[in-house]
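K.L.:
Shown below is the structure under consideration.
The values are calculated or read from the model by the stated rules, or taken from the named source; none is laboratory data. Quick caveat, the model's predicted, so the values are computed rather than measured. Glycine gets a Cβ as well: all are built from the backbone with ideal geometry, and neighbour counts include every protein chain shown. These accessible areas exclude ligands, DNA and RNA; they are computed on the full protein's heavy atoms, side chains included. Shrake-Rupley method; radii C 1.70, N 1.55, O 1.52, S 1.80 Å.
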Amino acid sequence: MSDLRDRVQSVLPGIRRDLEDLVRIESVSADPARHGEVQRSAEAVAELFRAEGFDSVDIVRVEGGLPAVIAQKAGPEGAPTVLLYAHHDVQPENDHADWDSPPFEPTERGDRLYGRGAADDKAGIAAHLGALRVHGADLPVNVTMFIEGEEEIGSETLSALLHEHQERLKADVIVIADSGNWDIGVPALTTSLRGLVRLDVEVRTLTHAVHSGMWGGLVPDALMALARLLSTLHDDEGNVAVEGLHAGPAADVEYPEERLRAESGAAPGIEWIGSGSTVERLWTKPAISITGLDAPKVAGASNTLVPAARARISMRIAPGDTTEHALDCLVRHLESHVPWGATLTHTLVDTGEATQIDATGPAYDAARSAFAEAWDGVAPVDMGVGGSIPFIAEFLEAFPEASVLVTGVEDPDTRAHGANEGLHLAEFERVVLAEALLLRNLVQ
């Protein structure tokens, strides 16, 4: 153990340099103007693997997709094969004025390294490389690297990639480094994630706008009807009121009130909605939010009844539910609650399946032991995630015999997808050590 810790210390400076070089590449997959940067990022990742002595390194894509990297390195004959996943594309940085330092210039402040992708998920690539460098020529397992290039835009061609390269990607254990830990100093295995259904709804009450003085009080306007419809999605406590949706229990984990308020960004005095434990409401119960509205602006609004209004409904579904079932429940609810004979139309935006991992068996025992060692005896939490990573379900479906471990480098203050995204450097060191220990433990 002390030898491995020493090796981690020795490889960290080089890993840090490699991570910073990757952060400087603006691999924003959502921006077509920067798809050349996504290609450059894939080439940089591939070059890192070639320099590491991988037996094969290829940049792959399917028609219409962005580049991924597949690399393989052989370990001892008969050793298990481990697939290490991360992604090299990043979220848009948005307004540079919101950043305390340039988003694509890695900058250390305090105990963090700041920059877009410094955590999500170029640090996942760096952690995998670090674990391999710790073992050097004595790699205990066969390793396949799969570094995706379009995770931040929904992994649209991932299914095709998994199908086309299934034999190369087949593994006994899959480590997906795209999640996080419970807290600084407390590791976690992510064992459940909610799914996602997004639906655009339009309510129409008029064929055209009419004078509010002439017709108000008799004809309902679309904004009134839409507001009334949306209000039926929750009960008075704030629980989701759509019948038939699945909900389940969550791990017995305490989420302190002070930390919850700090991390959520809740305004002073705001009350929580729903019932049940905090982590149930965040991880294993459905949630519905309204993330967009199409309606006239207040400034310049005329005295007319609005004929039509639209809203985007974002529904997180609990592990154990399916998007098909949840969508059916939501549509039935909307159709049965639309008021005053208004015309309701709906358009599906996208979906992502929920994930529930049975985290039992030798691979999970090996991971828990590795995490506890790396975090000086602190056992990992089995953590749920309220958000969605739909591609995990695709891995589970494509490789049903594999043990899938969802890990990561993030912590509650990483601010992934937001301004001032940052990697906690001391935790990153533990992540590298934990993965090196995991590779060792898988053959013991």
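K.L.:
Going through segment 142-185 one residue at a time, which ones are touching an Asp or Glu at 6+ places or on another chain (Cβ under 9 Å), open to solvent by 10 Å² or more (accessible area, probe 1.4 Å) and among the aliphatic types (A, V, I, L, M)?
P.N.:
Ile153, Ala160, Ile184, listed by residue number.
K.L.:
I've got another one for you. Suppose we keep only residues that are under 27 Å from Val186 (Cα atoms) and in contact with a strand residue (DSSP E or B) (Cβ under 9 Å, 6 or more places away or on another chain) within segment 246-272. Which one would you say is surrounded by the most Cβ atoms within 10 Å (Cβ to Cβ)?
P.N.:
Among residues in segment 246-272 that are under 27 Å from Val186 (Cα atoms) and in contact with a strand residue (DSSP E or B) (Cβ under 9 Å, 6 or more places away or on another chain), the one surrounded by the most Cβ atoms within 10 Å (Cβ to Cβ) is Ala250.
K.L.:
Let me ask you something else. Is it the case that segment 154-162 has a residue that's β-branched (Val, Ile, Thr) and out of contact with any helix residue (DSSP H, G or I) (no Cβ under 6 Å at 6 or more places or on another chain)?
P.N.:
yes
K.L.:
Only residues that are within 14 Å of Tyr114 (Cα to Cα) and not in a loop (DSSP other than H, G, I, E, B): list them for segment 387-425, please.
P.N.:
Once the filter is applied, which keeps residues that are within 14 Å of Tyr114 (Cα to Cα) and not in a loop (DSSP other than H, G, I, E, B), segment 387-425 yields Val409, Glu410, Gly422, Leu423, His424, Leu425.
K.L.:
Please identify the pairs in which a residue from segment 310-339 that is buried (at least 16 other Cβ atoms within 10 Å of the Cβ) has its Cβ atom under 6 Å from the Cβ atom of a residue that is in a helix (DSSP H, G or I) and β-branched (Val, Ile, Thr), counting only partners at least 6 apart or on another chain.
P.N.:
Cβ pairs passing all conditions: Ala318/Thr284.
K.L.:
A further question follows. Do you know which residues across segment 1-57 are part of a helix (DSSP H, G or I), at pLDDT 95 or above, among the hydroxyl-bearing types (Ser, Thr, Tyr) and open to solvent by 20 Å² or more (accessible area, probe 1.4 Å)?
P.N.:
Ser10
K.L.:
Right, here's the next one. Between Leu139, Leu162, Leu169, which is in contact (Cβ under 8 Å) with a residue 24 or more places away in the chain and over 22 Å from Arg440 (Cα atoms)?
P.N.:
It is Leu162.
K.L.:
While we're on this one: Just to be sure, is Ile290 at pLDDT 95 or above, open to solvent by 60 Å² or more (accessible area, probe 1.4 Å) and closer than 20 Å to Val240 by Cα?
P.N.:
In short, yes.
K.L.:
Sort through Glu271, Glu254, Glu258, Glu237 and tell me the only one that's over 20 Å from Asp328 (Cβ atoms) and in a helix (DSSP H, G or I).
P.N.:
Testing whether each residue is over 20 Å from Asp328 (Cβ atoms) and in a helix (DSSP H, G or I) leaves just Glu258.
K.L.:
Which numbered condition in (1) within 21 Å of the chain's Cα centre (by Cα); (2) assigned to a helix (DSSP H, G or I); (3) surrounded by fewer than 24 Cβ atoms within 10 Å (Cβ to Cβ); (4) small (Gly, Ala, Ser) is the only one that Ala97 fails?
P.N.:
Answer for Ala97: the failing condition is (1).
K.L.:
When you go through (1) touching a residue at least 60 places away in the same chain (Cβ under 8 Å); (2) surrounded by 18 or more Cβ atoms within 10 Å (Cβ to Cβ); (3) among the small types (Gly, Ala, Ser) one by one for Gly64, which number turns out not to apply?
P.N.:
(2)
K.L.:
Which one is farthest from Phe54 (Cα to Cα) among residues in segment 124-148 that are in contact with a Gly (Cβ under 8 Å, 6 or more places away or on another chain) and part of a helix (DSSP H, G or I)?
P.N.:
Looking at the filtered set, the residue picked out is Gly124.
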